[in-house]
Structure formats: structure tokens, C-alpha cells
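> Please read through the structure below; I'll follow up with questions.
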């Protein structure tokens, strides 16, 4: 696992930090190096879970197909949100949400 310069994972809360190991193994299964691009630093939407130390972004693996977000959701479990963007995968721990995309 690589960290972009300036990124620190020490401040992440337990559950989201624990997911890093699973995501690292998933990326290795794709023969890709996992690169954490952002945790609580940088600019995120107002109310983003990054600022609560419950989210991070990784570089989207080049070999990730359209079904990878669903595979990662299944790997992490129902308390996690996974959103795939063009070049970034966003992962957040949010046990209070009531479906795959919206929070209470």
C-alpha cells in the first residue's frame, strides 16, 4: 500500500482503518498497487465522512471493471459505502445509512 504525499492514515477511526487491509488484498488480487489519495486532508464536500475520519479515497485500479464497486461493497459489508469515479474509488464507513447511497 502506498500513500500519496501528505496523506496520513493514523487518524482514521478503527472500522475504516481496518478496511484498508481488505482493500489492499483486493487490489493485489487485481495485480495493482493500492494508493491512498486522501483521508481527512484536502477538500471534500461539506459533511463528508472524510472530516469525521471515516472515509478515504484510493486510486482506481486500472483493471477494475464496472462490477468492482459491487464486489468491494460485498467484501466490506453493509456498513460501508463504495463509490467508483473515473479515476478514484471512495470508501466510507457509515453504519447509519439506510441504503447503498443515502444516509439518515
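> Being touching a helix residue (DSSP H, G or I) at 6+ places or on another chain (Cβ under 8 Å) and at pLDDT 90 or above is the filter; apply it to the stretch 32-45 and report the residue that is surrounded by the fewest Cβ atoms within 10 Å (Cβ to Cβ).
33
> Another one. Restricting to the stretch 7-31, what's the tally of residues that are under 16 Å from residue 88 (Cβ atoms) and either without any contact (Cβ under 8 Å) to a residue 12 or more places away in the chain or surrounded by fewer than 17 Cβ atoms within 10 Å (Cβ to Cβ) (or both)?
Residues that pass the stated criteria total 1.
> Go through the residues of the stretch 46-62 one by one and say whether even a single one is modelled with pLDDT under 90, closer than 17 Å to residue 1 by Cβ, out of contact with any strand residue (DSSP E or B) (no Cβ under 7 Å at 6 or more places or on another chain) and exposed (fewer than 12 other Cβ atoms within 10 Å of the Cβ).
yes
> Can you tell me which residues in the stretch 22-48 are more than 20 Å from residue 86 (Cβ to Cβ), in a helix (DSSP H, G or I) and within 11 Å of the chain's Cα centre (by Cα)?
In the first step, residues of the stretch 22-48 are kept if they are more than 20 Å from residue 86 (Cβ to Cβ); the result is 22, 24-25, 28-29, 31, 39-41, 46-47.
Now drop any that are not in a helix (DSSP H, G or I), which leaves 22, 24-25, 28-29.
Scanning the stretch 22-48 gives 22, 24.
The values are calculated or read from the model by the stated rules, or taken from the named source; none is laboratory data. A quick note: this is a predicted structure, and the numbers were derived from the prediction, not measured. Virtual Cβ from ideal backbone geometry, glycine too; neighbours counted across all protein chains shown.
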